[in-house]
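Colleague: The structure follows.
Computed from the coordinates by the stated procedures, all read-outs in this text should not be read as laboratory data. Treat the numbers as computed from the prediction; the structure is a model and nothing was measured. Here Cβ is always computed from backbone atoms with ideal geometry, including for glycine, and neighbour counts include all displayed protein chains.
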Amino acid sequence: MYVRVEPSGCCERKGMVQVRFSMYLEPTDYGYDKHHVQVPVIPEEGYQGKVDAWGNPVNAKHFEKWIDALPKKWQNNPFHNHFIYVEPTISDESILAIAEETLHQAYKKWSADTFPDVKNAPYAKPIIDAARITACEAKVQHLKDTALERKV
C-alpha cells in the first residue's frame with residue numbers, strides 16, 4: 001500500500017496548512033479489488049447527446065448506453081482519504097511520517113471491514129497574522145509542486 005499527498009486537498013485553513021492524504025492498495029492488500037476498477041474513457045468532446053441547462057443528459061437511458069459503449073481503463077482509486085492540519089514550518093519528511101502512520105491506522109480498520117475513521121492529534125489554534133498566512137500559502141504551493149508519496 002502507499003499514501004500520497006493529494007495537491008487538490010492542500011490549502012491554508014484557519015492559519016494552518018491543510019494536507020490531504022490519498023491512500024491506495026496494491027494487489028496483495030486486502031480489498032484491493034474494491035478500488036481497482038474499470039472506468040470509461042470519456043472522449044475530449046464529452047457527451048454529444050441532448051442536455052439540460054445545467055449540462056445534465058436529458059435522456060438517462062441514452063446516456064447510460066453511451067457510457068457503456070465507451071472503452072474502459074483500469075484505475076486504482078484510493079480506499080481512504082484523510083486530512084491533517086500542520087504548521088507551515090513542517091518538513092516534508094515529517095508530513096510523510098504522519099502519512100505513513102495514518103495509512104497504517106486506516107488499513108488496520110479497513111482490513112477489519114470497519115470504516116477507517118482515523119482521528120488526528122489535537123493542535124493549538126494559532127494566532128493568525130499576515131506573515132502566518134503567507135507562510136501557509138508558501139507551504140501549500142510547495143506541496144502542490146512536490147510529489148510526496150510513501151510506499152510501505
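Colleague: Per 0.36 nm of contour for each residue apart, how much would the distance between Ala69 and Asn81 grow if the chain were fully extended, relative to their Cα-Cα spacing?
Modeller: Gain on extension, Ala69 to Asn81, equals 1.3 nm.
Colleague: Restricting attention to the alpha-carbon atoms of the range 36-105, what are Rg (one decimal) and Dmax (integer), both in Å?
Modeller: 20.0, 52
Colleague: To continue, here is another question. In a shell of Cβ-Cβ distance under 11 Å around Val58, excluding Val58 itself, what net charge do Lys and Arg (+1) and Asp and Glu (-1) give?
Modeller: With Lys, Arg at +1 and Asp, Glu at -1, the net is +1.
Colleague: Helix hunt in the chain: which complete DSSP H runs extend at least 20 Å axially by C-alpha with mean Kyte-Doolittle at least -1.0?
Modeller: 92-110, 130-145
Colleague: Taking the alpha-carbon distance from Lys125 and a cut-off under 26 Å, which lysines remain once sequence neighbours fewer than 8 residues away in the same chain are dropped?
Modeller: Straight-line reach from Lys125, under 26 Å: Lys14, Lys139, Lys144.
Colleague: Still on this structure, I have one more. So how strong a dipole does the chain carry about its Cα centre when Lys and Arg Cβ are +1 and Asp and Glu Cβ are -1, to the nearest 20 debye? Kindly include the intermediate steps, with their values, before the conclusion.
Modeller: Numbers: 19 positive and 21 negative charges, 60 e Å.
The calculated dipole for the chain is roughly 280 debye.
Colleague: Hey, how much of the P(r) for the range 36-75 falls beyond 12 Å, as a percent of Cα pairs?
Modeller: On the way: 481 of 780 pairs.
Percent of Cα pairs beyond 12 Å in the range 36-75: 62.
Colleague: Expressed in nm to one decimal, what extension gain is obtained for the pair Thr146 and Glu93 from 0.36 nm per residue of sequence separation less their Cα-Cα distance?
Modeller: Using 0.36 nm per residue and subtracting the Cα-Cα distance, I get 17.9 nm.
Colleague: Among the lysines, select those whose C-alpha is under 21 Å from the C-alpha of Lys73, and discard any that sit fewer than 8 residues away in the same chain.
Modeller: Once the sequence-local lysines are set aside, what remains near Lys73 is Lys34, Lys65.
Colleague: Could you list the residues of the range 1-25 with an amide nitrogen less than 18 Å from a label point located 7 Å from the Cα of Ala138 in the Cα-to-C-beta direction?
Modeller: Hits in the range 1-25 for Ala138 at 18 Å: 11-13, 15-18.
Colleague: Remind me, relative contact order of the chain in percent, using alpha carbon pairs under 8 angstrom and six or more residues apart?
Modeller: Details: 212 pairs, mean separation 56.8, N = 152.
Relative contact order here is 37 percent.
Colleague: Ok, one more. Based on DSSP H runs of at least 4 residues, each adding -39500 (n - 2.57), what is the mean residue ellipticity at 222 nm of the chain after dividing by all its residues, to the nearest 500 deg cm²/dmol?
Modeller: Value at 222 nm, helices only, nearest 500: -10000 deg cm²/dmol.
Colleague: Mind checking which lysines have their C-alpha under 20 Å from Lys61, skipping anything on the same chain fewer than 8 residues away?
Modeller: Once the sequence-local lysines are set aside, what remains near Lys61 is Lys50, Lys72.
Colleague: Using a 7 Å offset from the Cα along the Cα-to-Cβ direction at both Asp33 and Ala131, what is the distance between the two label points in nm, to one decimal?
Modeller: 5.7
Colleague: Determine the relative contact order of the range 36-75: mean sequence separation of Cα pairs under 8 Å and six or more apart, normalised by residue count, in whole percent.
Modeller: 63
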